[in-house]
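What follows is a set of notes on a single structure, which appears directly below.
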Amino acid sequence: MRVLRAKAARKALAYYKVAHGVVAPYTLLVDGTFVHHALVTVKTPLAARVEKLLGRDVRYAVPGAVLDELRALGDKCADALAFCQRRCAILSTPKGCATAADAVLHLVGDANAKKYVVATHDPA
């Protein structure tokens, strides 16, 4: 079953490479909900799972608003906050972004000029 998921990820990445120019090394723009869910519910380390799907040359990035959101959630998300501070490059976002979701949408923009791969657990 895991091979099928990796195969599906390779197919999706091949599509985005051809259609939109997203190529390795990937910059994974993570959201706090994604990191929290991955650390709490999944038994394998997050970095190992990401490397299995995207390859070894993955750079993690997180908007500053996501870190503020994780700090506001308190001890419940302390592990996710520690992961983001330790492994991710912190991207600045303008003051007009009220929420973490707005910050992610602002960084991606209309055309995703910096070719981010977005990882979130939010339904929207």
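The values are calculated or read from the model by the stated rules, or taken from the named source; none is laboratory data. Since we're looking at a predicted model, the values are computed, not measured. Reconstructed Cβ throughout: ideal geometry from the backbone, glycine too, with neighbour counts over all protein chains shown. Protein only, heavy atoms only, side chains kept; ligands, DNA and RNA dropped before computing areas. Shrake-Rupley method; radii C 1.70, N 1.55, O 1.52, S 1.80 Å.
Quick look at the values:
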| quantity | calculated |
| --- | --- |
| Of residues in the range 108-124 being closer than 18 Å to Val23 by Cα and touching a helix residue (DSSP H, G or I) at 6+ places or on another chain (Cβ under 8 Å), the one surrounded by the fewest Cβ atoms within 10 Å (Cβ to Cβ) | Lys114 |
| From Asp75, Asp31, residue being open to solvent by 20 Å² or more (accessible area, probe 1.4 Å) and either in contact (Cβ under 8 Å) with a residue 24 or more places away in the chain or not basic (Lys, Arg) (or both) | Asp75 |
| Residues of the range 52-73 that turn out to be more than 12 Å from the chain's Cα centre (by Cα) and not in a helix (DSSP H, G or I), as a count | 3 |
| Index of the failed condition, Leu39 passing every other in (1) part of a helix (DSSP H, G or I); (2) open to solvent by less than 60 Å² (accessible area, probe 1.4 Å) | (2) |
| Given (1) charged (D, E, K, R); (2) over 13 Å from the mean Cα position of the chain (by Cα); (3) not in a helix (DSSP H, G or I), number of the condition Arg86 does not satisfy | (3) |
| Filter result (β-branched (Val, Ile, Thr) and at pLDDT below 85) within the range 37-74 | Val42, Thr44 |
| Qualifying residue in the range 90-101 (condition: assigned to a helix (DSSP H, G or I) and open to solvent by less than 30 Å² (accessible area, probe 1.4 Å)) | yes |
| Options Val22, Val58: the member that is in contact with a Ser or Thr (Cβ under 9 Å, 6 or more places away or on another chain), open to solvent by less than 30 Å² (accessible area, probe 1.4 Å), in contact (Cβ under 8 Å) with a residue 12 or more places away in the chain and over 16 Å from His121 (Cα atoms) | Val58 |
